[in-house]
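K.L.:
Dropping a structure here in structure tokens format, bear with me for questions.
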Amino acid sequence: MFRFPRRLRITFEGKAFLLITLGVGVAAINTGNNLLYLAFSMNLSLILVSGFLSEWTLRRVSLSARAASEAFAGQESFLAVTCSARGKRFPSISLSALLRFDGETVTVRFPDVAPGGSATRVAAFRPARRGRIRSLAATLSTRFPFSLFEKSMDLEVPSELLVYPRPLPPDPVGPGFREPGPSGNPWAAGRSGAFPRGAREHLPGDPVRDIHWKATARMEKWMVKEREAESVPAVDLRVPVPCPHEEFEARLSAACGSVIDLERRGIPFRLWIGDRLRSRETEGRAAALAALATARADGMDARPERSAR
Amino acid sequence: MIPGAAVGTFRWWVLRIHWLLGVSLLAVYTKTSPAALLFTSAAWAAGAWMDLSGTPRESLSRFGSVIVGALLAVSTADLFLTGRDLLSSASFLLLGIQSVKLLLPKRTRDGWQLCSLSLLEFLVAASIADDLSFALYALLFLASSAGAMWSLHDQESEELGRPAGGYVLSRRAAACAFLLVALGGVLATAALFAVVPRLEFRRGVHRFGSADALPGFSDRITLREITGIKSDRRVVARIEFPFLERIPDPGALYLRGAVYSRYADDEWRLAETPASYVPRAGFHYLLRDAPRGPVTAADIMLEPADHPRIFTCAGAVRIEGNIGPLLADAEENLLLPQPGHPTLRYRLLFAEEPPQRGKRGGGPEPRHLEFPGDREDIRALGTGIAGDAATAAERAARLLGFFRTGFRYSLSRPASTLDGFLFREKAGYCEHYAAGLALLLRACGIPSRVAVGYLGGEWNDLGRYLIVRQSDAHAWVEAWIDGRWVTMDATPPQGRDSPFFRKTGWFGMYADWLRQRWDKYVMNYSLRMQADAVSSGWSTIRKARGGTGFPGEGAEGRKIAAAALLIPASALALYALLRKRPRKRGPGASSRLPAPYGRLLRRLERSGFRSFPGLPLEEMLAAAVRTRPDLSEDADRFLSLYHRDRFGPAPLPPDQRAEAVRRADRLRKALSGREAPLPMRGTADPPAARRLL
């Protein structure tokens, strides 16, 4: 369907200005007074100038979005929106970007973007569903320069957003996806009291007190002490497939909560979706959460991708 | 960079200038009460002072509507009960509301209302003004309107908690934007003014009030009427001769305004014959049938005047122009239906050889031979001079010759009566000569009348037109000889040696040329001129294409073809050049830092806290706080505000932005007071630094 590249909304002040301009035009035609024609032309020229300037503000402006924090479904997260004015000679002034997420809108305002430059702003948003979002629908508008009109254009904003499932509080007795290793209770696999037996590379969540300073200096990267208890096999988190949709989402949420909890406590884990290993114990939290974000209830590999509208 | 506070102050001054311009337009171009203007100006000054000093006046707002209602009632009563002057009452109301608004606190809506009032004042002035100075006012008003609306856009954004656009614009960008707006606005105004069709219905009010106009013709003239006029240098008309290659002789163009044909008690009076509408076809007013001889055209631009007379000349055949209904009386005087007119422009076509008689009669009547019964001495003088001349032409020539000897032109010591002029002192000016010759002609049985108007003028070679001033006022005689009215002038020619002829300097010529262009292309721009422009453009194109094909074989055709090819090619080349030179920045380039943050960043760099390129402001500030723990509170709060301002969903509201700027300045000043040591690695972090990191 044909759509105009720009949309124009007349503000209250704009309506008043148009009304006055119309009045001046009628007065000019009625009286034949050329100075009233001059005033009429001045008003029209201000409208024209307003149109040109707002067009120069909007043209060649692009938006991009990326996550400024981990995004979980149903939880407040942060989105970094970048407005670029590459290849422009005129600054983009007084821009307002409206991004739409599953019926929710996020408004980000850019007072000015220098020609050739870009500006990034961070806004809070609350995604409704998990999944990978490759593009967002956005509207970029400006009232520059006189607030008589609000000119806007629709954009498809490229983004690499990964929305993780809504995390549920971990259930320590939840059967099916959390099994202790053969050497005993995985919850006792803490570091305190365990005998150190070597050094390994630092992982997120490792306490500072475990840093192996000599090994760090020798290897020129952060190393921590490895303890006996760590040889305990990782916890296996299992999400069965195929599975009814609602139950599948609930299991993903529970797995997500467990991943966060295990990561916080420093317990290694593996993630199984169906009979396929989707995250090894060395891959850590990011890989597991990504797998959970893109998992499908039918167990197929094709990851759900969507455009948020 | 323009700091936010400075922009706020500047913004309000732009608005105040806009509002003041409206008042000054009323003061300059209308006859609005000086007291009302003074009151509004005082309200403007008081409002500005209260704005600047932050005087609380929220409580005054509730009186605003009451006062405006009272003003409305007073102005309505003034209109219907006393003055019945719409302009005066409307101006009173406008200025009253404006004064109240200027004194009250101003949010965006109030700002828009004040701008609307200013626009109304501009329109009132535009409906009255004729002067070239209005062009300057119009330009200023256009620029200030754009500035005011821009400012209100910012103000509105701030009120809604949105970013005020442009507060981090560089001076260069702001200047470029302003120039673009100004230039684009002026060009667009000029283009639109040229192309908007000049449709004129003239159904309602034509003009409000009147500008200063030239005095008109009285219904009688005496021998004491003209002396004051001779020192009046005001321009009455400017005349172009579009089809004449050579410079015309100003001394041969008699511009007739009124004809006086009744003589009694030493006074010449208007005949007051009934006037009827001149038949017209479109823009053409038909005065006579087309003559056999050549016809000359004169484009006459009349300055505003308070009389209804339209100047013409002997042998006028046709008038072309959009001047509304036109009346003519039996003496071939042309009049507008109402006295007073603004600047008028029309083309007068007249036969070089005066035709026989006018379309509207215009032949001699008994009043053209009326002779005072008690002036037999004059009759005897006339018949004595005419002698035995057989024809009227011969008699008239002898009478004209009578004034060539023994008479002298004098404005300083003229004769006080006609008797004195003809028989004793023989000194006087044009009215003496005209009155004397007319009576002598009547004494000899030749119908005659005294015509009053203008003769001569100063030739402006810059614009190739004739400037006719009040000092060129003149009186002469029209005599009925051989079946037509013949112009006879007994006054000795004054020429350029006359002590009353004053030449305008080159500056005056340029100024008058500007005024003439203004009158011609702005004040009197008409549908006819638009049609002529389209017609000439079309004929040029046809001429270029016609017969020989495009491009034409002739030199002119080749020039047009070359221009037609070169102009679009140049425009395309320029466009391509501009397109190929976009401003390039690195992929990570970001917008410029607001000025206070930029100054703090530079201070930190100079103090040695940027240990490697790319170290962000936060870490530099943390390093600075390690060496100056007393700065931790300011730094902590500043970073919180800075992050929200720079990276939050919207910039800070004005009060928080002011706090951020204040803290940034304080940090910068504190850091610039000493030589900061280079930050040491491994230094134990003080608590403040840890908090920052």
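K.L.:
Taking the Cα centre of chain A as the origin, how large is its charge dipole in debye, to the nearest 20, when only Lys and Arg (+1) and Asp and Glu (-1) carry charge on their Cβ atoms? Before the final figure, lay out the partial values.
P.N.:
Values: 45 positive and 32 negative charges, 168 e Å.
Dipole of chain A, to the nearest 20 debye: 800 debye.
K.L.:
Whole Å is fine, so just give me how far the alpha carbon centre of region B:236-253 lies from that of region B:437-467.
P.N.:
When both Cα centres are located, 15 Å separates them.
K.L.:
Please give the FRET efficiency for B:Phe10 paired with A:Lys214, using the beta carbon to beta carbon distance and R0 = 51 Å, rounded to the nearest 0.05.
P.N.:
On the way: r = 63 Å, r/R0 = 1.24.
The computed FRET efficiency comes out at 0.20.
K.L.:
Arranged from highest to lowest average of other beta-carbon atoms within 10 Å per residue, in what order do the peptides B:303-315, B:600-612, B:435-447 appear?
P.N.:
So the peptides B:303-315, B:600-612, B:435-447, ranked by packing, come out B:435-447, B:303-315, B:600-612.
K.L.:
Setting aside same-chain residues fewer than 8 positions from A:Lys225, which aspartates and glutamates have a Cα under 20 Å from its Cα?
P.N.:
Within the straight-line cut-off, A:Lys225 pairs with A:Glu201, A:Asp206, A:Asp210, A:Glu263, A:Glu281, A:Glu283.
K.L.:
Next question, about the same structure. Roughly speaking, what is the centre-to-centre gap between region A:245-297 and region A:11-44 when only Cα atoms are used, to the nearest Å?
P.N.:
Spelled out, the Cα-based centre of one part sits 67 Å from the other.
K.L.:
Turning to a different aspect of this structure: Using a 10 Å cut-off around each Cβ of peptide A:116-123, what is the average number of partner chain Cβ atoms that fall inside?
P.N.:
6
K.L.:
Taking Cα atoms, how many degrees apart are the long axis of helix A:245-265 and the longest axis of chain A, rounded to 10 and kept between 0 and 90?
P.N.:
On a 0 to 90 degree scale, this one is about 70.
K.L.:
Would you mind counting up the charge near B:Phe402? Only other residues with Cβ under 12 Å from its Cβ, with Lys and Arg at +1 and Asp and Glu at -1.
P.N.:
+4
K.L.:
How much FRET efficiency would the formula 1/(1 + (r/R0)^6) give for B:Gln338 and B:Arg424, where r is the Cβ-Cβ distance and R0 is 35 Å, rounded to 0.05?
P.N.:
Working: r = 45 Å, r/R0 = 1.28.
For R0 = 35 Å, the calculated efficiency reads 0.20.
K.L.:
Related question: Over 30 Å between Cα atoms, which of B:Lys230/B:Lys426; A:Lys151/B:Lys106; B:Lys31/B:Lys101; B:Lys101/B:Lys669 qualify?
P.N.:
B:Lys101/B:Lys669
K.L.:
Provide the per residue accessible area, probe 1.4 Å, for region B:455-497, rounded to a whole number of square angstrom. Please list the in-between numbers first.
P.N.:
Numbers: 1510 Å² over 43 residues.
For region B:455-497, the solvent-accessible area averages 35 Å² per residue.
K.L.:
Given DSSP loops and a limit of at most 13 other Cβ atoms within 10 Å, what is the longest stretch of chain A that contains no such GluC sites (Glu not before Pro)?
P.N.:
A:77-219
K.L.:
How much of the accessible area of chain A, in percent, comes from carbon and sulfur atoms when a 1.4 Å probe is used?
P.N.:
On the way: 8190 of 14250 Å².
So the carbon and sulfur contribution to the accessible surface is 57 percent.
K.L.:
Let me ask another. Per residue of region B:138-143, what does 6.51 cos²θ - 1.76 cosθ + 1.60 with θ = phi - 60° give for ³J(HN,Hα)? Whole Hz please, x for Gly and Pro, Karplus curve as stated.
P.N.:
5, 5, 4, 5, 4, 5
K.L.:
Let me ask something else. Can you pull the one-decimal nm distance between simple spin-label points at B:Leu369 and B:Ser33, each 7 Å off the Cα toward Cβ?
P.N.:
6.1
K.L.:
Could you work out how far helix A:34-58 tilts from the main Cα principal axis of chain A, as a 0 to 90 degree angle to the nearest 10?
P.N.:
The two axes meet at around 20 degrees.
K.L.:
Right, next: Using θ = phi - 60° and the Karplus relation 6.51 cos²θ - 1.76 cosθ + 1.60, list the HN-Hα couplings for region B:394-410 in order, rounded to whole Hz, with x at every Gly or Pro.
P.N.:
Karplus-based 3J(HN,Hα) across region B:394-410 equals 5, 4, 5, 5, 5, 5, 5, x, 4, 7, 7, 10, x, 9, 9, 7, 8 Hz.
K.L.:
Quick one: of the DSSP bridges fully inside chain A, what percent are antiparallel, nearest 5?
P.N.:
Once the DSSP bridges in chain A are tallied, antiparallel ones form about 80 percent.
K.L.:
If you don't mind, there's one more thing I want to ask. What does the average come to when, for each residue of peptide B:179-186, you count the partner chain Cβ atoms lying within 10 Å of its Cβ?
P.N.:
Across B:179-186, the average partner-chain Cβ count within 10 Å equals 4.
K.L.:
Still on this structure: Go ahead and run the numbers for FRET between B:Ala533 and B:Trp506, Cβ-Cβ distance against an R0 of 22 Å, rounding to 0.05.
P.N.:
0.10
K.L.:
While we're here: Tell me the angle of helix A:12-31 to the major Cα principal axis of chain A, expressed in degrees between 0 and 90 and rounded to the nearest ten.
P.N.:
Its long axis makes an angle of about 10 degrees.
The values are calculated or read from the model by the stated rules, or taken from the named source; none is laboratory data. Given the structure is predicted, the values throughout are model-derived calculations rather than measurements. FYI the Cβ positions are ideal-geometry reconstructions off the backbone, even for glycines, and counts take in every protein chain you see. Accessible surface is based on the protein model in full, side chains and every heavy atom, while ligands, DNA and RNA are left aside. Shrake-Rupley method; radii C 1.70, N 1.55, O 1.52, S 1.80 Å.
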